[in-house]
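Below you'll find the structure, written out as structure tokens, and then a few comments.
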Amino acid sequence: MKRRVLVTSALPYANGPIHLGHLVEYIQTDIWVRYLRLKNAEAYYFCADDTHGTPVMLAATREGVTPDELVERVQREHYRDLSGFGVEFDLYYTTNSPENRELASAIYLKAKAAGHIARRNVSQLYCENNQKHKPMFLPDRFVKGVCPNCGALDQYGDSCEVCGATYSPHDLKDPHCALCGSVPTLRDSEHLFFKLGDFQKFLKDWISAPGRVDPGVLKKMSEWLDGELRDWDISRDGPYFGFEIPEESNKFFYVWLDAPIGYMAASRNYFVGKNRAADWDAFWKRDDETEVYHFIGKDIVYFHTLFWPAVLHAGGYRAPSAVFVHGFLTLNGEKMSKSRGTLLRAETYLRFLNPEALRYYYAARLGGALDDIDLSATDFIQKWNADVVGNLANIFSRLASGIAKKLDFTLAAGLSPEGEALFAASAAAVKEIDAAYESRSYARVVREINQVGAAINRFVNDAAPWNQIKTDPEAARQTLTDALQATRPLIVALKPILPQFAAGLETLLAAPPLDFQNFADRFAPLHRINAYEHLVKRIEESDFNAMLEEEKKISAAAAAPALATPQPAKPQPAPAQTPGLITIDDLARVDLRVGKILEAELIEGADRLLALRVDLGEERPRSVIAGIRAAYQPADLIGLSVAAVANLEPRKMKFGVSEAMLLAAGEGESLSLFTPHRSAKPGDRLR
């Protein structure tokens, strides 16, 4: 029976652009789905934008649009960027859909009827600051503080990124509003809870099946399941952008309740739209006929391996066949961070570099486990240039260009004994490659591919057809035929990772679309190939560096510049006349330098301010009082290089003297300090 598989990736949140960290998951998933289809499986790939929650609502308010308008625009941008990297969905949808509303409501009501919903008052953090936002109950991610479990600083109100603990926002030590930095107060509000503990036995049975999760994830899940599972708060008070809870007033589904149901909603829209509702039932109700897999990052394991299977079970649906978890991405050894200039957007990458180079690099670094990936510029460039350009593409450029042209692009009638042996070795490698793809061990796939490519290159080197053609053209034709026949398994192995490159090779060889069923077919006698066209080019270090510099410029221009030093406490009178345009001479008087933050600490009684000591390349560091507390914790700033205006007159303020000004963009939690190139030193002038 034909294998039937439904695959999803975690839903990107509709509050920002797709960046290279996101792409680890989508490229990993796309590779696996392409592999399944080459194996003749009936495989579907669904995803959607995660659209609900207070962050989206507030972002829409800042932009002066409705939340619906914002999420529609961001969805188009996300789909554009993901498609730019060759990620192909059967449907890329939205959680803000009628199908999702219907499914979320039905699952909730079924769970409620079965007694799996509890109701009780909770003490919830409430921010009364009405300067930067309306008074409101703070969602989990709008509260930051010290983790109550391990003491890590600057953690969100739902889970710790350091130790993985989950908790309620009011459990945080020293909580503050992530929007404005104010200290919130506790207020009571009635909330609805999903009784996760009702499903403890079900979850233990589910994870006991082989292959459900990675061994490392299984160990963590076992720790959770050996303890008491807490009820899960699934409601939020208005104002809130999301679905209203049936039979309630001013209560909305928490975004994590309806977000994973978005997997079901996307596939429902697809199948019902094709008059195939029975197929949707088969995937979500009958696990004996179909397979469902989720690809996610390790930061959302708890939601996908405990809450999600339990919610599905409560709603009368099947649980996933498996949940595949990957690690994080770092850039040149640094955590992806906008403030440090290491957050690379997909859109920027596509302006400078070949998207298939990133697909190849991620594949070369992805195993089936939780290891993080470091995108090292040197390693990235060397990997592409050596493997793809120097090894794989080299086979075709040296054979199918000058030599094939001299032979009228015509192959021999069959293979020589040496060609048969080369082809057999190439075909045998496909078995290893097949198994590695199935287990998502893409790094092993890449190693096998390059070994096959190296073997074909050695064969060509030993035969030296560029010499053969001078005295024995038919011998050169035989070498050409033997080598190109051996590339058919190689092309199949490349197709999931480098689909465009592989398609170009199929066109070059005038071959049909190759897959795991027909790769061993032989070229017909006297088969004609097509004229050679250049398929890939080398990547230069200057290309990579230009991309990084462009990203910094785009990020800085995306928001109106903001000065990080706070304004005086008393408003200043407006100037008598409207000032005119500034000139180049005005700008030239600004002494803009690189500074390095040596010390940073909180200021007692100042909700927005931090006290800094900044090295500007002078005999002594300067004191700077900066209004950046909503976006930065002191520990995050130590050692950070920043852009500073050095020739401002020192300003005496309530909490001390500020002797320079830092440049930043944005406001609140989204504020980002401008950072110079990583090679810049304190005191260097910026232009």
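The values are calculated or read from the model by the stated rules, or taken from the named source; none is laboratory data. Values in this document were obtained by computation on a predicted structure and should not be read as measured data. In this analysis, Cβ positions are derived from the backbone assuming ideal geometry, glycine residues included, and neighbour counts consider all displayed protein chains. The protein model used for the area step is the full one, side chains on, heavy atoms only, and it has no ligands, DNA or RNA in it. Shrake-Rupley method; radii C 1.70, N 1.55, O 1.52, S 1.80 Å.
When PHE241 is tested against the conditions (1) closer than 26 Å to ARG101 by Cα; (2) open to solvent by 30 Å² or more (accessible area, probe 1.4 Å), the lone failure is (2).
Of all the residues in the stretch 7-25, those that are open to solvent by 20 Å² or more (accessible area, probe 1.4 Å) and either part of a loop (DSSP other than H, G, I, E, B) or of a type in the set (A, V, I, L, M) (or both) number 4.
Of all residues assigned to the stretch 104-117, none qualifies as being within 19 Å of ILE300 (Cβ to Cβ), at pLDDT below 85 and among the hydrophobic types (A, V, I, L, M, F, W, C). Note on the stretch 281-313: among residues that are open to solvent by 10 Å² or more (accessible area, probe 1.4 Å) and among the hydrophobic types (A, V, I, L, M, F, W, C), the one that is modelled with the highest pLDDT is PHE307. When ALA322, ALA346 are screened for being in contact with a Lys or Arg (Cβ under 8 Å, 6 or more places away or on another chain) and modelled with pLDDT of 90 or more, only ALA322 passes.
Would you list the helices (runs of 4 or more DSSP H) that sit entirely within the stretch 377-460 and hold 2 or more residues that are touching a residue at least 60 places away in the same chain (Cβ under 8 Å) and open to solvent by 40 Å² or more (accessible area, probe 1.4 Å)?
Values: elements: 377-383, 393-399, 402-406, 417-438.
Filter on the stretch 377-460 gives 393-399, 402-406, 417-438.
Can you name every residue in the stretch 464-478 that is surrounded by fewer than 20 Cβ atoms within 10 Å (Cβ to Cβ) and of a type outside the set (Val, Ile, Thr)? Write out each step before concluding.
Looking only at the stretch 464-478, we keep the residues that are surrounded by fewer than 20 Cβ atoms within 10 Å (Cβ to Cβ), and these are 464, 466-475.
Hits for the stretch 464-478 are ALA464, TRP466, ASN467, GLN468, LYS470, ASP472, PRO473, GLU474, ALA475.
Of all residues in the stretch 90-143, those being open to solvent by 40 Å² or more (accessible area, probe 1.4 Å) and over 33 Å from the mean Cα position of the chain (by Cα) number 12.
For the stretch 226-237, indicate whether the set of residues that are aromatic (Phe, Trp, Tyr) and over 24 Å from ALA265 (Cβ atoms) is non-empty. Walk me through it before giving the result.
Taking the stretch 226-237 and keeping what is aromatic (Phe, Trp, Tyr), we get 232.
Retained after the next criterion (residues that are over 24 Å from ALA265 (Cβ atoms)): none.
Scanning the stretch 226-237 turns up no residue that is aromatic (Phe, Trp, Tyr) and over 24 Å from ALA265 (Cβ atoms).
Pairs are defined by a Cβ separation below 6 Å, a sequence spacing of at least 6 or placement on different chains, a first member in the stretch 1-26 that is under 21 Å from HIS294 (Cβ atoms), and a second member that is open to solvent by 20 Å² or more (accessible area, probe 1.4 Å) and in a helix (DSSP H, G or I); the pairs so defined are PRO12/HIS22. Any residue at all in the stretch 31-44 that is open to solvent by less than 50 Å² (accessible area, probe 1.4 Å), within 30 Å of ILE491 (Cα to Cα), touching an Asp or Glu at 6+ places or on another chain (Cβ under 7 Å) and not in a helix (DSSP H, G or I)? Among the residues of the stretch 31-44, at least one is open to solvent by less than 50 Å² (accessible area, probe 1.4 Å), within 30 Å of ILE491 (Cα to Cα), touching an Asp or Glu at 6+ places or on another chain (Cβ under 7 Å) and not in a helix (DSSP H, G or I), which makes the answer yes. In the stretch 626-650, the qualifying residues are those that are open to solvent by 10 Å² or more (accessible area, probe 1.4 Å) and among the β-branched types (Val, Ile, Thr), and the one that is farthest from GLY151 (Cα to Cα) is VAL645.
Within the stretch 3-25, being out of contact with any helix residue (DSSP H, G or I) (no Cβ under 7 Å at 6 or more places or on another chain) and over 20 Å from PRO320 (Cβ atoms) holds for TYR13, GLY16, GLY21, HIS22.
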